[in-house]
1. Give the separation of the Cα centroids, segment A:215-294 to segment A:387-429, in Å.
2. What value does the protein assembly as shown have for Rg/Rh, both radii from Cα atoms and Rh as Kirkwood defines it?
3. What distance in nm lies between label points placed 7 Å from Cα along the C-beta direction at residue A:230 and residue A:1?
4. If we count other beta carbons within 10 Å of each Cβ, what is the order of A:579, A:298, fewest first?
5. If you count the DSSP beta bridges with both ends in segment A:194-419, what percent of them are antiparallel, to the nearest 5?
6. How large is the helix-only mean residue ellipticity at 222 nm for the protein assembly as shown, computed as the sum of -39500 (n - 2.57) over DSSP H runs with n ≥ 4, divided by its residue count, in deg cm²/dmol to the nearest 500?
7. Mind pulling the angle between the C-alpha long axis of helix A:194-211 and the longest principal axis of chain A? Nearest 10 degrees, somewhere in 0 to 90.
8. Find the Cα radius of gyration of segment A:194-419, compare it with 2.2 N^0.38 Å by division, and give the number to two decimals.
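All of the numbers you see were taken from the coordinates with simple rules; none came from a lab. Owing to the predicted nature of the structure, the values given are computational and were not obtained by experimental measurement. Here Cβ is always computed from backbone atoms with ideal geometry, including for glycine, and neighbour counts include all displayed protein chains.
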Amino acid sequence: MNIEKVAVIGAGVMGASIAAHFANAGIPVDLLDVVPKQSVNRNAIAEGAIAKLLKAEPQAFMHPNNARLLTPGNIEDDLGKLTQADWVIEAVVENPAIKQALYQQLAAVCRPDTLVSSNTSTLPLSLLTRNQPDSFKRRFLITHFFNPPRYMRLLELVAQPEFDAGLLNTITTFADIKLGKGCVLCNDTPGFIANRIGTFWIQSALLEAIAMNLTVEQCDAAMSLFGIPKTGVFGLLDLVGLDLMPHILASFKQTLPPDDHLSAIAVVPPLLHNMITGGYTGRKGQGGFYRLQSGAGHTVKEAMDLQSGEYRPGEKFQIKDVSHQPDDLRTFLTGSDALNRYTWRVLSGTLHYTAGLIPEIAADIVAVDTAMRLGYNWRYGPFELLDHLGVDWFVEQLTREQRSVPGLLATRHDLYRVDKAELQFRDKSDRYHPLQRQEGVLLLSDVKRRGPPLLENASASLWDIGDGIVCLEFHSKMNTLDPDNLGLIQQSIETVKQGYKGLVIYNEGEHFSTGVNLTLLVPAIIQQDRETIKSIVRLGQQTYRALKYAPFPVVGAPSGLALGGGCEILLHCDAIQAHAELYTGLVEVGVGLVPGWGGCKELLRRWQAFPKRPGGPMPFIAKTFEIIGLAKVSQSAQEARELLFLSKNDDITMNKNRLLADAKARALALVADYQPPEPAVYALPGASAQAALEIAARNLFLAGKASAYDLEISRQLAQVLSGGGTDITRLLTEQDILDLELEAILTLVQQPGTLARLEHTLKTGKPLRN
Amino acid sequence: MKNVVIAGYARSPFTPVHKGALAGVRPDDLAAQVVKALVHKSGINPDDIEDLILGCAFPEGEQGLNLARLVVHLAQLPVSIAGATVNRFCGSSMQAIHMAAGAIQMNAGDAFICAGVESMSRVPMGGFNMLPHPELYRNYPQAYIGMGETAENLALKYHISRTEQESFSLDSQRKAYTAQQRGLLSDEIIPIATPSGERIDRDGCLRPESTAEAMAELKPAFLANGSVTAATSSPLTDGAAAVLVCSEAYADAHGLAKLARIKSIAVSACLPEIMGIGPVAATQKALRRAGLSLTDIDIVELNEAFAAQSLAVLKELPIAPEKLNLDGGAIALGHPLGATGARITGKAASLLKRENKQFALATQCIGGGQGIATILEAVS
């Protein structure tokens, strides 16, 4: 069965957001809710939900046009539409009686082969399907999405043994490929996997922080050492809403056996209770453990004092000299300060608890690690973290504290191992099993286990990924670009020429590349070393150009941020296979520059050739000027396509784990009869176009939408995009535009405004509006 | 000399850009539907029409080529009718009327369709391909000044507060809404068929829900610390308008309904940076040519490009509120650049008849620093 039409019942935050994500995948969805009392519009709730989705932050839709795929309706008038649905998702209130009654209706109206699932996060499958016929149970399961569904990659599945195996395959394949989810099969136990462990972690972190008189900043900073997102515990609580916690804890208290460690700590501390009753429910309320207060002309971050229950000015707390290396982490965990002891208590408790839950909550450790990585954005799952710290060391610490040792850890053997380049995981009986990847999944981390790279330096490596395709990986900090990366690109071109068919540019960092390493530029600018600046610009231009005209296909496979030079390299690729979550743009104006590695040249070329643009010499220049001048960054790959950072021939992969395989396939498809592109020529109007762009920029300045230095940068950008001193009757080459890029940069670096922007960004990570 | 009369007036609904009901209608189609309806409504024999003179401020793209001649065909008028597209920015279709009046007095024809159109949704203000003269821009940048900035200049020069502008704009909204509710706009509006099969017969720019409090909340639209906001500016609009201009003798001979006689016309120029004051000199010229004084005028259609601009004009031309823009102005109704001149001239002529008055003035400012004015008198 193909899933081509979906219905979501329940247009609350989760139901609506799930519907939006199906729309992101191009699937039409009927979004139904009850008929509101006292409203003439019977679809008011679903319509209101769609309107809210369009304003949601972070954005629920990958493109606003996706909202057109949602059809609002209500469950009184529109149940008949469910006959067209291949999958019906129930996301109504967590009330078993209401859900069961709805299932009775669904059983009556849905086709016999329609998949029905519940998005419940607390109710067991056995309760939901009580008194339902076997025919319903064969097509009913729990599909638990995480909030926000567009961004959280975990999909927990809970199915009874009698669930149709073919349907399970259909849904997991669909969720994996179309929705980009990592599916994890869970046992039918309270909170399934991620929330069971996550709640234990949150609750113990909260209670211990209060008991040990620590600040929220200290606690969150300590957690981030262990690969937990910077939001830590308290930032996460603010995000999900503090008022959820009493419900979650009560549910666990009710459903877990009394001797379960989570059940034992499932109490709402007075502080949390007081905050919720006072309306301090987190970001959606008047603030949470953190809040932003508007001060005189600026915003002040405040934090909750866990003892007094009052807000105080936030503190910038940093833990210095502790890396993510195991030795550093072990030393930190065994330190004697309160924060060291706190972190050990919380993490050891969580890891200990988790180790005791296999096989109760999941068949193996891989499911648990995957759930915590994808559902809570932990860099390491609990068992991966145990391996990172050392199982032996961890058990030693437990023993020293005279704590019990979970059976899974008793042998003290590693939980994962590599055997003959194959990653294996351990079960409770101390047997290792190969970790199977889904068909169509290719990870560079797996490739790396098989042998050394073809080429390597401090910033980049080149890997053989099979079938004649090589993968260029950046691994500098934030994957910034420097002479090492550029040098390796040039070496890679020679390597491919000598024995390979094509090149993929890809890495498994959070971000593809945040652009040029600014620390290289600043000293040269301070010293006004024009030759060095010139050589950096020329090196990037020549390298990217060599990539573009290499005699083999080059496919860019970005995910996350691809900014500045990171965007420019993509613009020089033959094709892009983008992850759906691609945030790309030419943001150089933010640091007082213009794109100098061919970004102006390539984006101008794309807009010049774009068939749907208005005719004449100005519209494509104006559009390019707008995108670069406003440093527009796509909020998704779909939006990147609209900005022409992606062309119509470029593809989007929803599941990040499939990106490399898809990019490799794309490169292979381009190999046969490959011809490098023809160089572009440009017909640009010169000074008159520059005047037009300056008028537009000046109007933005007057309206307060551009700063004085923005105006200066835009003048230089206008000079490049209008073709400098050319005339419309002349044709310019790519080299002409590259020369103009260089000229503009050499002009800008002489000005204090550019240096101020660069230094500010390096210091704060944020742009300066001078 | 021959007398020249306005013998018919019609317009499309005026709707806001992009989200408005006419955004999907090509400007040539829009103009053609209005012209065709005007010909039908006026009862003129189409074979007698000498020329279709069509105003358009940004005649490119779908408004390009010789739009007027193309509209002749689209409106299924006789192929014998000539067509000329004219551009005096916002004064384009009033200029069309002036050209027809001149031609009639030169005995160069008896009947003219004088129309105007602008789809600001489909052809942006400034056009797709603005390519200013670089040296002129360097040496005399105000030649290319933005319209909002000129309104701010007038607000400063004439000490017009933001509150005064908002009060003027509220008044425009109130008058237009009242007129709409009373059906006073219905006669002049030609329902427009859209490509999606809809029939649009109602103005879409009006904001009857406007309040002084809500207006006060808006950020300045053009200058960071300025006083002109979206609420005190005419909205970007799609629309078309047309009037039938003919010799009085022709109208009488063929039994056409005469709305008003053209008494005098004028154009003037001023500094581009205060273009909004243009109506003052143009009106004074036209009054002189008509042998009238401002107090003789009973009905005034002053185009409301901006409230600040209109208020500045009113400081120089003291016009009693009860004579001014009786059914609301462009701040409420919208300002499709090329169409506005025909609308306010046709409207002034209609009002003379409806209100049974003697003299009317239609005047407007023009980007680049110009004014245009037409004085009409009642026909018995």
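1. Measuring centre to centre over Cα atoms gives 30 Å.
2. That ratio is 1.03, to two decimals.
3. Each label point lies 7 Å from its Cα, and together they span 4.4 nm.
4. Values: A:579 25, A:298 7.
Taking fewest neighbouring Cβ atoms as first place, the list is A:298, A:579.
5. Working: 9 of 9 bridges.
For segment A:194-419, the DSSP antiparallel bridge percentage is about 100.
6. Details: 42 runs with 463 residues, N = 1150.
Using -39500 (n - 2.57) per qualifying helix, the result is -12000 deg cm²/dmol.
7. In chain A, helix A:194-211 runs at an angle near 90 degrees to the longest axis.
8. Values: Rg = 17.8 Å, N = 226, 2.2 N^0.38 = 17.3 Å.
Rounded to two decimals, the normalised Rg is 1.03.
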